[in-house]
1. Let me spell out the model: positive unit charges on the Cβ of Lys and Arg, negative unit charges on the Cβ of Asp and Glu, origin at the Cα centre of chain A. What dipole size does that give, in debye rounded to 20?
2. Between A:GLU66, A:GLU16, A:GLU91, where does the largest GNM mean-square fluctuation fall for chain A, given springs only between Cα atoms within less than 10 Å?
3. From the backbone phi of segment A:29-41, what are the Karplus-calculated ³J(HN,Hα) couplings (6.51 cos²θ - 1.76 cosθ + 1.60, θ = phi - 60°) in whole Hz, Gly and Pro given as x?
4. Give the carbon-plus-sulfur fraction of the accessible surface of chain A in %, rounded to a whole number; probe 1.4 Å, heavy atoms of protein chains only.
5. Any chance you could count the Lys pairs in the protein assembly as shown whose alpha carbons are under 14 Å apart, treating pairs 8 or more apart or on different chains as valid?
6. Can you work out the FRET efficiency for the pair A:LYS50 and B:LYS13, with r the C-beta to C-beta distance and R0 = 41 Å, to the nearest 0.05?
Amino acid sequence: QQPVQSPQAVILREGEDAVINCSSSKALYSVHWYRQKHGEAPVFLMILLKGGEQKGHEKISASFNEKKQQSSLYLTASQLSYSGTYFCGTELAGNQFYFGTGTSLTVIP
Amino acid sequence: KAGVTQTPRYLIKTRGQQVTLSCSPISGHRSVSWYQQTPGQGLQFLFEYFSETQRNKGNFPGRFSGRQFSNSRSEMNVSTLELGDSALYLCASRIWGTDFSYEQYFGPGTRLTVT
């Protein structure tokens, strides 16, 4: 039931774009995205709900394909502060929640 | 508004002992979830409590248990500790709702080391 994320790791130069994917084998109620910096707790970025409603970070966008149970997080014009591990979290019916294994993103000057 | 707090922040225990971790949610948040984070397994869901009742449970052995009090504070207990229980234990709180999905706010975690 744990969603699968890809890629596992990515290195970008400042200003470049990145896409992180999240895929589940279960029907999803919502998808959450979080970022965790080294030694810190995960921080909420965005929620995507069935039906297209979104709530989250103004500089980050994401999509949710309900038919394929997939979500993608789009990071554009990356900054050094974007470095960290990104987790998708999938919420099933009954509020069951599972995090993916994470994608390590490193932005270099 | 104060964030999620967890105590203690660090803990060293010996195999076979038991441990209790504490979590105080953000004021007004009635749902508390617990996660185990290890380098190889990522964030693994342990359980979620709402209104003093366990609402969901992950795939962990019965040595892992929890409870929630009437003020929404939660405790997690691990009995008969094993070396593999060494991990960062994160607590997260959120508003509970069946008609909407709410974001989780994480505490700083308790780093448990079992020797």
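The values are calculated or read from the model by the stated rules, or taken from the named source; none is laboratory data. Predicted model, so just to flag it, every value in this text is computed and none were measured. No Cβ is skipped: glycine too gets one built from the backbone with ideal geometry, and neighbour counts run over all protein chains shown. Side chains are part of the model used for accessible areas, which takes the heavy atoms of the whole protein and leaves out ligands, DNA and RNA. Shrake-Rupley method; radii C 1.70, N 1.55, O 1.52, S 1.80 Å.
1. Here chain A has a charge dipole of around 220 debye.
2. Comparing A:GLU66, A:GLU16, A:GLU91 in a Gaussian network model of chain A, the most mobile one is A:GLU16.
3. 8, 7, 10, 10, 10, 9, 10, 10, 8, 4, x, 10, 7
4. Here carbon and sulfur together make up 50 percent of the probe-accessible area.
5. Lysine pairs, 8 or more places apart or on different chains, close enough: 5.
6. On the way: r = 43 Å, r/R0 = 1.04.
Given R0 = 41 Å and the Cβ-Cβ separation, E is 0.45.
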